[in-house]
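Here is the structure we will look at, set down as structure tokens.
Each value in this text was obtained by applying a stated rule to the coordinates, not by laboratory testing. Since this is a predicted model, take the numbers as computed values, not measurements. When we count neighbours, we look across all protein chains shown, and the Cβ atoms used for this are built from the backbone with ideal geometry, even at glycine.
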Amino acid sequence: MGAQNVRSGTAPRMPYPPNSAVTDGGMVNQFLIGLAALAVIAAAAFGIWWLRVHSRKDFGRADAAHRAAFEQSPNSVLIVDAASLKVIDANASLQRSLGYTLSEVCGVSVAQLFTDESGEPEALIRRLRDPNLRLPFEICQRSKTGALRSVEVTVQRLDLGKRHLLVLAAHDVTVRRKVEAQLLEKQQRLDHLAHHDQLTGLPNRLYLAAHLPGAIAEAKRTSAMLAVLFLDLDRFKHINDSRGHETGDKLLKAVAQRIRETMRTEDMVVRMGGDEFIVVLKTVKNTDQVNEAAGRITEALSAPVIVDGRPLVTTASIGVSLYPRDGSDMGELLRHSDTAMYQAKDRGRNNFQLFSPIMARRLKERMAIETSLRTALQTGQLDVHYQPIVDIQTSRVVALESLLRWKHPSHGFVPPERFVAVAEEAGLIVPIGEFVLARAVEDIARWRQVGCVQVPVAVNISAVQLQRSNLPATITRLTQQHGVSPKMLQLELTESAVFERREGRTGESNEDAVGRLRELGVRIAIDDFGTGYSSLSYLKRWRVDYLKIDRSFVRDLVTDMSDLAIVGAIIAMARHLNIQVVAEGIEGWQQLEKLRQLGCSLAQGYLFAKPVPEEQCRRYLSGEPLDLTEHDPLLEALEATGT
Ligand code: C2E
Ligand code: MG
Ligand code: MG
């Protein structure tokens, strides 16, 4: 029976190059094919002998050599009457393997001695009588005791005048089957190992590559919808870094199990690597069903995971693409679910997003900017301009803000708003930010050399830079290199960059990172103040030096009473906390006058000066008050439009 099981087993899928097991199998096969060939030769030799014997019509004088070849062949050979299919003769090997004597076996029907997988004697008989039968085939041989064993049979037809015979040469393939079964098992084990993730036991990306195309084809065939969910754990890296990889691994195992349990058996749950999982929902009826599945995952992950007795909370961002709506093949569906997942991250994590073509367009645009930004950094297309920050009472320049400029060879100036966010996402903000810092320190040293009045330079620092680079080390290195005091630098950070409870790659909180910068003597300014979310207690605790009121509040200060109230409140609050206030984006005299009345001490805007390159900036560094009458924004605007 074992042999039957083996025979009926289906061959394993082999999507990968042959491995050693397959090579071993190949050698065994070659050997066994050789054996089969021998059997065919023996059968043929015996056939010739039979022809000769019959042509002489003299059994008694049969050639002794041929008889011996028949008798002593290691293969079982038997001669059968083609019409009745009854045995006429059988060699010793066959008698042995069947347990019959020659006299017992002669006259027995082949259907009694052999059976094929159909188990129907008629089917076997039809097969043996098939005039086109040439190749060996596998059947079961039934011994006298009823034991079955797998044999490979070659059938040779002999036509002796009116008499038609069949010569059956059979050789035992039980060993071969056993070896094949072992190879199959080994192959299946290797196959399982290659297609499953060791940590979580879930199928892996190779499994997905082998099975998703089939699932898509099935959906196509049945005109069904299929959903690919791309799932990325939020801030898993932080858990890994701060709690250690062992804890991270345990969390991943628990998460994998929860996702698997949440899904239907027919759905695929795959670990792509790291903290990324793919769920494939087959036969989806509508988007509600997808929303519901994604919601179930979010819900399942919402309960804390207890690892080593401590609760860990993890959430996931999920992006979804649908077949056929969002893609026709695996690559497209995975790419689009990945895009949607990034959108989910952008929308504050712990949510899911369905892919939309707008996302793809944005992504394409972002990638184009990213590529040309890399070139820009390497080919010197980036520059730094400076804009004065002025003391409202004296009109003297008290600081300069450095502002990044990108002059694209064909597109001209690209505004920072268009590329800073891209640079942050791509991690490019770290080298770009370092470029700006280096330029600022170099320019401070240069201005000192040419005898300009020394004022601090404010440098914009993105949250990513704060978390991912070692800013204190960079600043120490640059300032020492150029003999400039770190006190000459002011770092402008946005509210979210400073106050959001985020931790950097070293597990250091933003608060600690800012604290280390302050220890160097660097001043800290909160940029675009009022647009984010700040708490007064933070401002107090962190000893912020400057607040820069965002341009959006200053713009309508004169006409909008609520803006006036907000700006007034910020200035009053800052005064109590001993923090200086800079009003951004002042373009008119009336705004300046209002700010003066509210008690604002510092200002920045086109009314005083626009951002300009380093050489032009020197004129602001004479120590003299700025002559504001030489700047008329209205006139400048008219000049710019050519009217
Ligand atoms: P920000 O730090 O708030 O910089 C002030 C922005 O307001 C600058 O825009 C400046 O040119 C503009 N501005 C100043 N006065 C006026 C005015 O009177 N009217 C108007 N309409 N605009 C005025 P810019 O240079 O386009 O920079 C935009 C933003 O890009 C900056 O806002 C900052 O967040 C970011 N950025 C610029 N340079 C860097 C940099 O080196 N690193 C990083 N991370 N971000 C930068
Ligand atoms: Mg700024
Ligand atoms: Mg600002």
Amide H neighbours of Phe352 under 5 Å, counting only residues 5+ apart in sequence or on other chains, H built in-plane at 1.01 Å?
Ile318
Across 5 Å bins beginning at 0, the whole-percent shares of Cα-Cα pair distances in the range 428-505 come to 3, 15, 26, 23, 16, 9, 5, 2, 1
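Suppose a student asked you for the relative contact order of the chain, using Cα pairs under 8 Å spaced at least 6 residues apart; what percent would you report?
8
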If I take every Cα pair under 8 Å that is 6 or more residues apart in the range 219-363, average their sequence separation and divide by the length, what percent do I get for the relative contact order?
28
How long is the chain along each principal axis, judged by its Cα atoms, biggest number first, in Å?
136, 49, 48
I'd like the per residue volume of the convex hull spanned by the Cα atoms of the range 367-641, given in cubic angstrom.
140
Find out how many positive minus negative residues lie around Leu212, taking Lys and Arg as positive, Asp and Glu as negative, among other residues whose Cβ is under 11 Å from that of Leu212.
0
Any lysines whose Cα falls less than 30 Å from that of Lys162, other than same-chain ones fewer than 8 residues away, would be Lys57, Lys86
Provide the per-residue ³J(HN,Hα) series for the range 421-429, in order, calculated from phi with Karplus coefficients 6.51, -1.76, 1.60 and θ = phi - 60°, each as a whole number of Hz, with x at glycine and proline positions.
5, 5, 4, 5, 4, 7, x, 5, 5
Given Cβ point charges of +1 (Lys, Arg) and -1 (Asp, Glu) and nothing else, what value in debye, to the nearest 20, does the dipole of the range 196-355 about its Cα centre take?
120
Return the aspartates and glutamates within reach of Lys186: Cα separation strictly under 14 angstrom, same-chain partners fewer than 8 residues apart disregarded; answer none if there are no such residues.
Asp24
What whole-number value in cubic angstrom gives the convex hull volume per residue for the C-alpha atoms of the range 75-204?
137
Give me the net charge of Val280's neighbourhood, meaning all other residues with Cβ under 10 Å from the Cβ of Val280; Lys, Arg count +1, Asp, Glu -1.
-1
For Ser321, Ser97, what's the fewest-to-most ordering of other Cβ within 10 Å of each Cβ?
Ser97, Ser321
Which angle between 0 and 90 degrees, to the nearest 10, do you get for helix 589-598 versus the longest principal axis of the chain when only C-alpha atoms count?
80
Here the net charge surrounding Glu614, from other residues whose Cβ is less than 12 Å away from its Cβ (Lys, Arg +1; Asp, Glu -1), is +1
Percent breakdown of C-alpha pair distances by 5 Å bin, ordered from the shortest bin, for the range 383-534:
2, 9, 17, 22, 21, 15, 9, 4, 1
Restricted to Cα positions, what overall size does the range 295-452 have along the principal axes? Three whole-Å values, descending.
67, 48, 31
Cross-link reach from Lys282 to aspartates and glutamates, straight Cα distance under 12 Å and at least 8 residues apart if same chain, gives Glu218, Glu266, Asp267
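Using DSSP, restrict attention to beta bridges with both residues in the chain and report what percent are antiparallel, rounded to the nearest 5. Working shown, then result.
Values: 68 of 92 bridges.
Percentage antiparallel, nearest 5: 75.
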In whole Å, what three semi-axes, largest first, describe the equivalent ellipsoid of the range 246-327 built from its Cα gyration tensor (square root of 5 times each eigenvalue)?
26, 13, 11
On a 32 Å Cα-Cα criterion, which of the cross-link pairs Lys144/Lys178; Lys345/Lys487; Lys487/Lys610; Lys285/Lys364 come out too long?
Lys345/Lys487
Among Thr265, Thr339, which comes first, second and so on when ranked by fewest other beta-carbon atoms within 10 Å?
Thr265, Thr339
Using all C-alpha to C-alpha distances in the range 178-273, build P(r) with 10 Å bins and read off the rounded percent in each one.
13, 35, 31, 16, 4, 0
In degrees, nearest 10, the alpha-carbon axis of helix 205-221 is tilted away from the dominant principal axis of the alpha carbons of the chain by 80
Towards the positive end of the charge dipole of the chain, with charges on Cβ (+1 Lys, Arg; -1 Asp, Glu), say which of Val464, Ile358, Ile429 has the farthest Cα.
Ile358
Need one number: the % of Cα-Cα pairs in the range 241-383 sitting beyond the 20 Å mark.
55
